[in-house]
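Taking it in order: structure first as structure tokens, then the write-up.
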Amino acid sequence: MRIIKWIVIVLVAVVLLFQFVAKPYLKEQTKKHSPQITNTFQNEELQLQVTYSSPFKKGRVIFGELVPYDVVWRTGANEPTTFRTESDITIMGNSLAAGTYSLWTKPGKENWSVYFNHEVPDWGVTISSGGRETTRNPEKDAVVVQVPVIDLQQTEESFTIDFSEEEMVYMNLYWDTTKVRIPITP
């Protein structure tokens, strides 16, 4: 009985060490290679925020190799990208209620599918797959749209998500020589 008690104490200690020491340390180390960035947009009608981790190209072929075509991507590194809107918005004719969503994409050569999902999982990929499979639950998708790919003339070294306002507001995602724009209206 005494041995079982010590085994339980040791197991609890190991779990607590992992949770409060190892996990924060590992998270900090991954952020050094793919820093977390928050970009916001605000005008009279919209208040938007996107938070993501930005990996770097480092001489790699990005889309079609590092990020495979026609496979759902957690859209950045580390944790899933989050998108927040303070008011109800419309994305390509689809209503999205105010709130926080995880943002997922399925890159293709000519078009990308973009998913705004009600769930924001901790990590976004399964450890058993080595990070190749996402934990996105398709049943929780709030909005799914398809946007065309824009080829860039210059290479973008780090993955970037930002907002621009032209005839309407766009959320822009770009990396390497690829860019997509998601139109957002109030």
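Where a number appears in this text, it was derived from the coordinates with a stated rule and is not lab data. As the structure is a computational prediction, the values presented were derived from the model and not from experiment. Virtual Cβ from ideal backbone geometry, glycine too; neighbours counted across all protein chains shown.
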Check which residues have an amide H placed less than 5 Å from Trp73's amide H, if you skip close sequence neighbours. Thr105, Lys106
Backbone HN-Hα couplings from phi across segment 2-8 [Karplus 6.51/-1.76/1.60, Hz, Gly and Pro as x]: 5, 5, 4, 4, 5, 5, 4
Gyration tensor verdict on segment 34-184 (Cα atoms; rounded if a/c is under 1.5, prolate if a/b is larger than b/c, oblate otherwise): oblate
Taking 0.36 nm per intervening residue step and subtracting the Cα-Cα distance, what contour gain separates Thr185 from Val61 on full extension? 41.3 nm
Give the order of Lys179, Lys5 when sorted by the count of other beta carbons within 10 angstrom, beginning with the fewest. Lys5, Lys179
Which ³J(HN,Hα) values, rounded to whole Hz and listed in residue order, are derived for segment 158-173 from phi using the Karplus coefficients 6.51, -1.76 and 1.60 in 6.51 cos²θ - 1.76 cosθ + 1.60 with θ = phi - 60°, glycine and proline given as x? 10, 5, 9, 10, 8, 10, 9, 10, 10, 6, 8, 8, 10, 9, 9, 10
Please list 153-164, 107-118 highest first by mean number of surrounding beta-carbon atoms within 10 Å per residue. 107-118, 153-164
Scan around Ser34 for amide H atoms under 5 Å from its own, H built in the peptide plane at 1.01 Å from N, and keep only partners 5 or more places away or cross-chain. none
Considering amide H positions built from the backbone, and no H for Pro or chain starts, which residues 5 or more places from Met92, or on another chain, come under 5 Å of its amide H? Thr185
